[in-house]
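The structure appears right after this line, and notes come after that.
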Amino acid sequence: MEEIRKIYLKMGDKVVHKRFPQWGMGVVVEEWNSLVLGGISYVKISFRDGRTRVFDNNFSNACCCYYAGIRRCS
């Protein structure tokens with residue numbers, strides 16, 4: 001059995017959070033992708049407000065950062 005994850009963000013992507021614009025622009029500074037079937041995929045994002053936050057990065061998961069409000073900047 002093979003799992004295919006749909007990864008939303010990658011290292012260096014610039015993002016904003018549409019529900020929390022006061023955080024400012026963020027940059028993906030780290031990715032974690034489990035090698036275990038059904039494992040997790042996370043990204044660590046450093047925002048302009050000085051805080052670093054961690055989000056789920058699997059687009060196939062209902063908890064993905066995209067559904068939480070994270071959007072890539074063009």
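The values are calculated or read from the model by the stated rules, or taken from the named source; none is laboratory data. Everything quoted here is computed from the prediction, not taken from an experiment. Don't worry about glycine lacking a Cβ; one is built from the backbone with ideal geometry, like all the others, and counts go over all protein chains shown.
Figures for the structure shown
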{"item": "Residue that is at pLDDT below 95 and not aliphatic (A, V, I, L, M), where the choices are 55, 20, 59", "result": "59"}
{"item": "Qualifying strands (runs of 3 or more DSSP E) (wholly inside the chain; at least 3 residues being touching a residue at least 12 places away in the same chain (Cβ under 8 Å) and not aliphatic (A, V, I, L, M))", "result": "26-33, 41-47, 52-56"}
{"item": "Selected residue (criterion: surrounded by the fewest Cβ atoms within 10 Å (Cβ to Cβ)) from residues of the range 23-74 that are among the β-branched types (Val, Ile, Thr) and touching a Leu at 6+ places or on another chain (Cβ under 6 Å)", "result": "28"}
